[in-house]
Amino acid sequence: MLFRSVSQSRYWGVWYGERNFNHLDSVVSPFVSEFGFPSLPLGYKESTDSLRYHLLPFRSYKGLALLNRYAKFETKNVHNYLVNPSLNQSVLSATEKSPSGRAQALFLDRAFRAYRTSSPDFGGCLFWQWNDIDRVVSWSVVDVDFQAKPAFFQLKHVLKPIISFVRMADSNLIVSVNSMLLVPQKLSIHVTVEDKNKMIVFKSSKTIMLQNYSKVLFQVGSGVLKRGNRVRMKVLNAQGKIIDEL
(Lines give C-alpha, C1' and ligand atoms only; values in the text may rest on other atoms or scores of the structure.)
Protein backbone atom coordinates (compact mmCIF):
# COMPACT_ATOMS: atom_id res chain seq x y z
CA MET A 1 0.00 0.00 0.00
CA LEU A 2 1.25 3.47 -0.89
CA PHE A 3 0.64 6.36 1.49
CA ARG A 4 0.07 9.40 -0.69
CA SER A 5 -0.17 13.10 0.08
CA VAL A 6 -1.60 15.62 -2.39
CA SER A 7 0.65 18.51 -1.36
CA GLN A 8 3.10 18.03 1.48
CA SER A 9 3.40 16.02 4.65
CA ARG A 10 5.04 16.05 8.06
CA TYR A 11 5.77 12.33 8.14
CA TRP A 12 6.21 10.70 11.55
CA GLY A 13 4.94 7.18 10.82
CA VAL A 14 8.37 6.04 12.01
CA TRP A 15 8.86 7.02 15.65
CA TYR A 16 5.48 8.50 16.61
CA GLY A 17 3.69 5.85 14.56
CA GLU A 18 6.19 3.24 15.84
CA ARG A 19 6.49 1.63 12.39
CA ASN A 20 9.65 -0.07 11.16
CA PHE A 21 12.09 1.73 8.87
CA ASN A 22 10.90 -0.13 5.76
CA HIS A 23 7.55 1.65 6.06
CA LEU A 24 9.33 4.66 4.57
CA ASP A 25 9.50 2.81 1.25
CA SER A 26 5.77 3.26 0.64
CA VAL A 27 5.45 6.99 1.41
CA VAL A 28 4.81 9.17 -1.66
CA SER A 29 4.57 12.94 -1.26
CA PRO A 30 5.59 15.89 -3.48
CA PHE A 31 7.23 17.48 -0.45
CA VAL A 32 8.03 15.96 2.95
CA SER A 33 8.27 18.93 5.26
CA GLU A 34 9.33 17.21 8.48
CA PHE A 35 10.73 13.85 9.57
CA GLY A 36 13.53 12.62 11.82
CA PHE A 37 14.94 10.16 14.29
CA PRO A 38 16.72 10.72 17.63
CA SER A 39 20.10 9.65 18.96
CA LEU A 40 22.25 10.17 22.03
CA PRO A 41 24.65 13.07 22.30
CA LEU A 42 28.26 12.23 21.50
CA GLY A 43 30.49 10.49 24.02
CA TYR A 44 28.04 8.20 25.82
CA LYS A 45 28.68 4.47 26.03
CA GLU A 46 25.85 2.37 24.66
CA SER A 47 24.99 -1.29 24.31
CA THR A 48 22.50 -2.94 21.99
CA ASP A 49 21.34 -5.07 24.92
CA SER A 50 20.44 -2.12 27.10
CA LEU A 51 20.80 1.54 26.21
CA ARG A 52 21.46 2.89 29.69
CA TYR A 53 20.95 6.62 29.49
CA HIS A 54 17.89 7.16 31.65
CA LEU A 55 19.44 10.20 33.33
CA LEU A 56 19.69 12.11 30.05
CA PRO A 57 16.94 14.61 29.21
CA PHE A 58 14.80 13.50 26.28
CA ARG A 59 12.14 15.70 24.74
CA SER A 60 9.62 13.11 23.60
CA TYR A 61 6.61 11.60 25.28
CA LYS A 62 7.52 8.29 23.61
CA GLY A 63 10.42 7.92 25.99
CA LEU A 64 13.66 6.01 25.83
CA ALA A 65 12.17 2.51 25.61
CA LEU A 66 11.13 3.10 21.99
CA LEU A 67 14.60 4.35 21.05
CA ASN A 68 16.04 1.24 22.68
CA ARG A 69 13.69 -0.98 20.68
CA TYR A 70 14.50 0.74 17.38
CA ALA A 71 18.24 0.64 18.00
CA LYS A 72 18.21 -3.06 18.87
CA PHE A 73 16.06 -4.08 15.88
CA GLU A 74 17.09 -1.73 13.09
CA THR A 75 20.84 -2.06 13.61
CA LYS A 76 20.53 -5.84 13.22
CA ASN A 77 18.00 -5.87 10.40
CA VAL A 78 20.10 -7.43 7.62
CA HIS A 79 17.97 -10.58 7.80
CA ASN A 80 14.67 -8.75 8.23
CA TYR A 81 14.67 -6.64 5.06
CA LEU A 82 15.39 -7.82 1.53
CA VAL A 83 16.31 -4.24 0.61
CA ASN A 84 18.65 -2.77 3.18
CA PRO A 85 20.73 0.38 2.51
CA SER A 86 24.17 0.11 4.07
CA LEU A 87 26.16 2.77 5.88
CA ASN A 88 29.47 4.01 4.55
CA GLN A 89 32.56 2.68 6.26
CA SER A 90 33.38 5.79 8.28
CA VAL A 91 29.86 5.84 9.77
CA LEU A 92 30.03 2.11 10.50
CA SER A 93 33.28 2.63 12.41
CA ALA A 94 31.97 5.66 14.28
CA THR A 95 28.83 3.84 15.44
CA GLU A 96 30.39 0.58 16.65
CA LYS A 97 29.63 1.65 20.23
CA SER A 98 26.64 3.83 19.42
CA PRO A 99 23.49 1.86 18.47
CA SER A 100 21.35 4.99 18.60
CA GLY A 101 23.77 6.85 16.32
CA ARG A 102 23.75 3.95 13.87
CA ALA A 103 19.95 3.74 13.92
CA GLN A 104 19.70 7.50 13.23
CA ALA A 105 22.11 7.24 10.29
CA LEU A 106 20.24 4.21 8.89
CA PHE A 107 16.91 5.98 9.20
CA LEU A 108 18.01 9.16 7.45
CA ASP A 109 19.71 7.21 4.66
CA ARG A 110 16.61 5.10 4.01
CA ALA A 111 14.27 8.10 4.32
CA PHE A 112 16.16 10.26 1.82
CA ARG A 113 16.50 7.37 -0.61
CA ALA A 114 12.83 6.47 -0.35
CA TYR A 115 11.56 10.04 -0.62
CA ARG A 116 13.87 11.15 -3.44
CA THR A 117 12.98 8.11 -5.55
CA SER A 118 9.27 7.96 -4.68
CA SER A 119 7.98 9.64 -7.87
CA PRO A 120 9.01 12.00 -10.71
CA ASP A 121 7.00 14.74 -8.96
CA PHE A 122 9.06 14.72 -5.78
CA GLY A 123 10.03 18.30 -4.93
CA GLY A 124 12.16 18.05 -1.80
CA CYS A 125 12.23 17.30 1.91
CA LEU A 126 13.28 18.86 5.20
CA PHE A 127 14.53 16.65 8.02
CA TRP A 128 14.27 17.44 11.73
CA GLN A 129 16.77 18.56 12.88
CA TRP A 130 20.12 20.11 12.08
CA ASN A 131 21.57 20.94 15.51
CA ASP A 132 20.77 21.29 19.20
CA ILE A 133 22.00 23.79 21.74
CA ASP A 134 21.66 21.38 24.69
CA ARG A 135 23.44 18.13 25.53
CA VAL A 136 20.34 15.97 25.30
CA VAL A 137 18.95 12.99 23.41
CA SER A 138 17.52 14.69 20.34
CA TRP A 139 16.87 14.53 16.61
CA SER A 140 19.91 16.67 15.77
CA VAL A 141 22.75 15.54 13.50
CA VAL A 142 25.06 18.24 14.90
CA ASP A 143 25.69 18.08 18.63
CA VAL A 144 26.62 20.79 21.13
CA ASP A 145 29.68 22.86 20.18
CA PHE A 146 29.04 22.04 16.51
CA GLN A 147 30.31 18.46 16.72
CA ALA A 148 28.95 16.31 13.91
CA LYS A 149 27.17 13.08 14.81
CA PRO A 150 27.64 10.00 12.59
CA ALA A 151 24.32 10.68 10.83
CA PHE A 152 25.75 13.97 9.55
CA PHE A 153 28.35 12.09 7.49
CA GLN A 154 25.78 9.62 6.20
CA LEU A 155 23.68 12.57 5.01
CA LYS A 156 26.65 13.80 2.99
CA HIS A 157 26.70 10.38 1.34
CA VAL A 158 22.97 10.13 0.58
CA LEU A 159 22.59 13.74 -0.64
CA LYS A 160 24.86 13.17 -3.63
CA PRO A 161 23.53 14.18 -7.10
CA ILE A 162 22.33 10.71 -8.15
CA ILE A 163 20.63 8.36 -5.71
CA SER A 164 18.77 5.09 -6.17
CA PHE A 165 16.49 2.71 -4.32
CA VAL A 166 14.84 -0.68 -4.85
CA ARG A 167 11.24 -1.60 -4.10
CA MET A 168 9.44 -4.92 -4.39
CA ALA A 169 6.18 -5.49 -6.25
CA ASP A 170 4.94 -9.09 -6.25
CA SER A 171 7.77 -11.08 -7.88
CA ASN A 172 9.43 -8.00 -9.38
CA LEU A 173 12.07 -5.51 -8.32
CA ILE A 174 11.57 -1.85 -9.23
CA VAL A 175 14.69 0.31 -9.27
CA SER A 176 14.02 4.06 -9.06
CA VAL A 177 16.80 6.59 -9.71
CA ASN A 178 16.76 10.32 -8.98
CA SER A 179 19.21 12.84 -10.42
CA MET A 180 19.73 16.49 -9.50
CA LEU A 181 22.04 16.99 -12.48
CA LEU A 182 20.93 19.12 -15.43
CA VAL A 183 22.63 16.94 -18.03
CA PRO A 184 21.23 13.48 -18.97
CA GLN A 185 23.33 10.58 -17.70
CA LYS A 186 23.86 7.16 -19.28
CA LEU A 187 23.80 4.62 -16.45
CA SER A 188 23.87 0.86 -16.10
CA ILE A 189 21.95 -0.77 -13.25
CA HIS A 190 23.12 -4.14 -11.93
CA VAL A 191 20.83 -6.11 -9.61
CA THR A 192 21.53 -9.36 -7.80
CA VAL A 193 19.67 -11.35 -5.16
CA GLU A 194 21.68 -13.45 -2.71
CA ASP A 195 20.41 -16.22 -0.46
CA LYS A 196 21.39 -16.56 3.21
CA ASN A 197 24.58 -18.35 2.16
CA LYS A 198 25.49 -15.43 -0.15
CA MET A 199 24.89 -17.54 -3.25
CA ILE A 200 23.48 -15.53 -6.18
CA VAL A 201 19.96 -16.69 -7.07
CA PHE A 202 19.16 -13.85 -9.48
CA LYS A 203 21.33 -11.53 -11.58
CA SER A 204 20.45 -8.97 -14.26
CA SER A 205 21.48 -5.56 -15.61
CA LYS A 206 19.93 -2.81 -17.71
CA THR A 207 21.14 0.44 -19.28
CA ILE A 208 19.14 3.67 -19.04
CA MET A 209 19.43 7.31 -20.06
CA LEU A 210 18.55 9.29 -16.93
CA GLN A 211 17.21 12.83 -17.21
CA ASN A 212 15.96 13.48 -13.67
CA TYR A 213 13.93 10.39 -12.75
CA SER A 214 13.71 6.87 -14.05
CA LYS A 215 12.03 3.63 -12.98
CA VAL A 216 13.29 0.24 -14.17
CA LEU A 217 11.52 -3.10 -13.73
CA PHE A 218 13.37 -6.38 -13.13
CA GLN A 219 11.24 -9.52 -13.37
CA VAL A 220 12.72 -11.78 -10.74
CA GLY A 221 10.27 -14.68 -10.64
CA SER A 222 8.47 -16.44 -7.82
CA GLY A 223 10.30 -17.80 -4.80
CA VAL A 224 13.32 -15.51 -5.08
CA LEU A 225 12.15 -12.55 -3.00
CA LYS A 226 11.76 -14.37 0.28
CA ARG A 227 12.82 -13.71 3.85
CA GLY A 228 16.52 -14.33 4.39
CA ASN A 229 17.54 -13.33 0.87
CA ARG A 230 19.26 -10.01 0.19
CA VAL A 231 18.82 -7.63 -2.74
CA ARG A 232 21.97 -5.83 -3.87
CA MET A 233 22.29 -3.17 -6.55
CA LYS A 234 24.98 -1.08 -8.18
CA VAL A 235 24.56 1.97 -10.42
CA LEU A 236 27.49 2.65 -12.76
CA ASN A 237 28.13 5.68 -14.95
CA ALA A 238 29.25 5.58 -18.59
CA GLN A 239 32.88 5.19 -17.49
CA GLY A 240 32.05 2.11 -15.40
CA LYS A 241 32.45 3.87 -12.05
CA ILE A 242 30.08 2.92 -9.24
CA ILE A 243 28.15 6.04 -8.27
CA ASP A 244 25.64 4.40 -5.95
CA GLU A 245 24.98 1.00 -4.45
CA LEU A 246 22.86 -0.87 -1.93
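The values are calculated or read from the model by the stated rules, or taken from the named source; none is laboratory data. This one's a predicted model, so the numbers in the text were calculated from it and none came from an experiment. Every residue, glycine among them, receives a Cβ derived from its backbone with ideal geometry; neighbour counts consider all protein chains shown. Accessible surface areas use protein heavy atoms only, side chains included; no ligands, DNA or RNA. Shrake-Rupley method; radii C 1.70, N 1.55, O 1.52, S 1.80 Å.
Numbers below:
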item	result
Failed condition for Ser98, given (1) modelled with pLDDT of 95 or more; (2) open to solvent by less than 30 Å² (accessible area, probe 1.4 Å); (3) of a type outside the set (A, V, I, L, M)	(1)
Number of the exception - Asp109 against (1) crowded, with 19+ Cβ neighbours inside 10 Å; (2) part of a strand (DSSP E or B)	(2)
Cβ pairs under 7 Å, 6+ apart, first in the range 126-148 and more than 17 Å from Ala94 (Cα to Cα), second among the hydroxyl-bearing types (Ser, Thr, Tyr) and in a loop (DSSP other than H, G, I, E, B)	Gln129/Ser140; Trp130/Ser140; Asn131/Ser140; Asp132/Ser140; Val137/Tyr53
Flag for Lys234 being under 15 Å from Thr117 (Cα atoms), basic (Lys, Arg), within 19 Å of the chain's Cα centre (by Cα) and at pLDDT 95 or above	no
Of all residues in the range 196-224 being open to solvent by 40 Å² or more (accessible area, probe 1.4 Å) and assigned to a loop (DSSP other than H, G, I, E, B), the one that is nearest to Asp170 (Cα to Cα)	Ser222
Subset of the range 225-246 (residues that are surrounded by 13 or more Cβ atoms within 10 Å (Cβ to Cβ), outside any strand (DSSP E or B) and of a type outside the set (A, V, I, L, M, F, W, C))	Asn229, Asn237
Qualifying residue in the range 113-123 (condition: among the aliphatic types (A, V, I, L, M), farther than 25 Å from Val216 by Cβ and surrounded by 18 or more Cβ atoms within 10 Å (Cβ to Cβ))	no
